[in-house]
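Data first, discussion second: the structure below is written as structure tokens.
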Amino acid sequence: MLKDITLGQYFPGNSLAHKLDPRTKILLTVLYIVTLFCARSFVSYGIVVLLLATGVKVSGVAPKALVRGLKPILFIICFTAALNLLYTPGEVLASFWIFKITKEGIFTAFFMVLRITMLIMGTFLLTYTTSPIALTDGLETLLGPLKKVKVPVHELAMIMSIALRFIPTLIEETDKIMSAQKARGADFESGSLMQRAKALVPILVPLFISAFRRADELAIAMECRCYHGGAGRTKLHVLRYQTRDYLVLAAYGIVLAAVLTLAHFGL
Amino acid sequence: MKPIIRVENLTHTYGVNTPFCRSAVDHVNMEIMEGEFLGIIGHTGSGKSTLIQHLNGLLKPTSGRILLGEEDIWADPKKIRSVRFRVGLVFQYPEYQLFEETVYKDVAFGPKNMGLDEKEIDRRVRSALAFSGLGEELLDKSPFDLSGGQKRRVAIAGVIAMEPEVLILDEPSAGLDPAGRRSMLENIRNYHKEKGTTVVMVSHSMDEVAENVDRIAVLANAGVVMSGTPHQVFSRAQELLDVGLNVPQVTQVAMELKRQGLAIDPAVYTVADLRAALCKLRGGKA
């Protein structure tokens with residue numbers, strides 16, 4: 001049932017990838033995406049693939065879990081591949097009806113698919129090895145300088161962590177309400193699209209009411225403990241860069257430089 | 001009396017193929033007799049809620065069968081909805097599932113799903129509200145304007161209105177004040193008496209169960225450890241205490257009196273019984 005859905009997709013572990021500072025991991029992911037978009041040839045793509053493989057190996061995340069993450073975007077991947085395959089101008093290899101398959105098309109399609117797949121897998125690696133709380137914490141610190149231009153960074157991070165915190169609670173609640181309405185003969189599985197949409201009302205109304213009630217209670221509880229936003233607030237777990245963070249970032253810098261140089265020479 | 005529901009070798013395992021794999025009910029066998037008032041007691045996590053959700057087909061057994069009448073309820077999975085009309089289940093804190101604009105519409109939700117005609121729905125809504133102790137003046141009110149206790153009664157009426165052969169209530173009095181508790185239980189007792197249908201009440205309050213039901217099933221460690229009349233069950237008070245349950249306060253008093261040397265049967269479970277036993281001890285009449 002609903003309980004089986006994994007959200008946040010965090011797999012607890014004790015690998016180097018888990019132990020790295022969340023800020024390092026967020027930075028790495030951003031740099032990784034940059035590298036991916038700079039790569040233009042088999043050589044530089046090879047380096048990025050190698051990079052991802054190293055990341056997966058170090059994190060101890062099952063490659064199967066990463067591949068499973070691709071399922072929801074399978075359609076987009078196929079669609080992009082088809083578009084690139086059929087609409088890239090160049091040396092024609094085969095043609096039928098209004099479509100032409102070109103040599104360049106095959107290459108672009110291949111690289112596009114590779115790029116999207118690697119992009120998704122790389123970002124999944126981040127969420128698989130970083131707990132949602134660590135992730136928001138890291139984001140908040142990284143975006144800290146934006147406070148100077150009046151961006152409410154702390155508040156945004158707080159909203160994010162509260163939202164993440166309540167996902168499992170609301171899933172459980174939905175499960176309960178669904179069971180209760182089913183016990184009164186509600187039918188969610190058959191009927192026309194319109195009937196099914198209508199069948200959701202008995203779930204959504206109680207769910208929203210309970211979500212508002214919880215929000216209200218949480219607000220009061222926070223108020224009672226004198227919460228007043230970010231200014232002057234200290235943290236229980238202060239993020240500190242370790243030697244390993246510097247080492248990993250430095251190593252990554254070298255790889256990025258290599259890929260950029262290769263790209264410069266058109267490789 | 002013949003059984004209306006038979007549970008045969010029921011096992012339900014949560015999280016199969018994960019590290020969190022755990023059987024909430026494990027090879028349970030039990031019978032619910034036609035027309036009886038059965039109490040199911042057990043502490044938190046003893047599998048009560050999992051068990052009752054099998055009785056109307058909300059959960060599918062990992063192994064084992066549930067027989068309603070003589071039929072396996074999962075014989076034809078397409079007909080599972082009709083099982084839910086025959087076995088009405090009221091969840092814990094049912095007031096959180098109200099959703100309609102008026103009390104009337106909310107109570108009519110179940111009967112409407114059964115495909116009954118307007119006249120029959122109207123009759124059932126009014127009769128269900130009466131059974132759960134609500135006045136007709138509430139019919140056109142929004143259920144969200146009612147008090148907590150009234151909301152719960154509306155939710156219970158919503159299940160009673162389906163006129164199920166078996167009514168199952170999961171902790172119907174949880175979170176109510178003492179007066180609310182008493183009147184809620186009285187309504188359920190009256191419903192059972194007047195309708196003559198089977199009622200199953202899940203609770204972890206021993207006193208509540210002791211005073212109301214015909215028969216008790218005790219759940220512990222994912223299985224039924226005892227079942228019988230209140231007298232039979234509470235005469236094994238020590239075993240109840242051993243599985244982490246309490247015995248009614250009256251029974252506790254009697255047990256203590258016996259321990260201090262009075263020749264009293266400790267298996268009393270209502271105030272009237274204790275009074276009678278004490279009077280007999282003094283040689284007088286009850």
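So the values come out like this:
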| quantity | calculated |
| --- | --- |
| Using alpha-carbon coordinates, inclination of helix A:201-224 to the longest axis of chain A, degrees | 80 |
| Fewest-first sequence of B:C21, A:C226 by Cβ atoms within 10 Å of each Cβ | A:C226, B:C21 |
| For residues of B:89-96, the mean tally of beta carbons on other chains within 10 Å | 4 |
| Gap separating the Cα centres of the stretch B:146-179 and the stretch B:77-116, nearest whole Å | 12 |
| Highest-MSF residue in chain A out of A:V201, A:V248, A:V48 [GNM, Cα springs under 10 Å] | A:V201 |
| DSSP-loop GluC sites (Glu not before Pro) across the stretch B:93-170, with at most 15 other Cβ within 10 angstrom | B:E101 |
| Qualifying trypsin sites (Lys or Arg not before Pro) for the stretch A:167-267 [loop in DSSP, other Cβ within 10 Å: at most 16] | A:R225, A:R233, A:K235, A:R240 |
| Loop-resident sites, the stretch B:1-77, for GluC sites (Glu not before Pro), counting at most 12 other Cβ within 10 Å (DSSP) | B:E70 |
| Cα long-axis angle, helix B:178-195 against chain B (0 to 90 degrees, to the nearest 10) | 70 |
| Counted charge near A:R225, where neighbours are those whose Cβ lies closer than 15 Å (Asp, Glu -1; Lys, Arg +1) | -1 |
| Along chain A, longest interval not containing exposed chymotrypsin sites (Phe, Trp or Tyr not before Pro), exposed being DSSP loop plus at most 14 other Cβ atoms within 10 Å | A:1-96 |
| Rg/Rg_ref, chain A, where Rg_ref = 2.2 N^0.38 Å and atoms are Cα | 1.29 |
| GluC sites (Glu not before Pro), loop per DSSP, at most 15 other Cβ atoms within 10 Å - longest free stretch of chain A | A:92-188 |
| For the stretch A:216-254 and the stretch A:68-113, distance of Cα centres in Å | 44 |
| Candidates B:L89, B:L38, B:L58, ranked by Gaussian network fluctuation over chain B, Cα under 10 Å, top entry | B:L58 |
| C-alpha center-to-center spacing [the stretch B:228-286, the stretch A:171-196] in angstrom | 46 |
| Rounded to 10°, Cα long-axis angle of helix B:118-131 versus longest principal axis of chain B | 20 |
| Sequence of A:I162, B:I52, A:I101 once ranked by neighbouring C-beta atoms within 10 Å, starting from the fewest | A:I162, A:I101, B:I52 |
| Neighbour-count ranking [beta-carbon atoms within 10 angstrom, fewest first] of B:D273, B:D76, B:D122 | B:D76, B:D122, B:D273 |
| Compactness index (Cα Rg / 2.2 N^0.38 Å), the stretch B:3-230 | 1.00 |
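Coordinate-derived values only; no laboratory data. Quantities reported herein were computed from a predicted structural model and do not represent experimental measurements. So basically every Cβ, Gly included, is an ideal-geometry build from the backbone, and we count neighbours across all protein chains shown.
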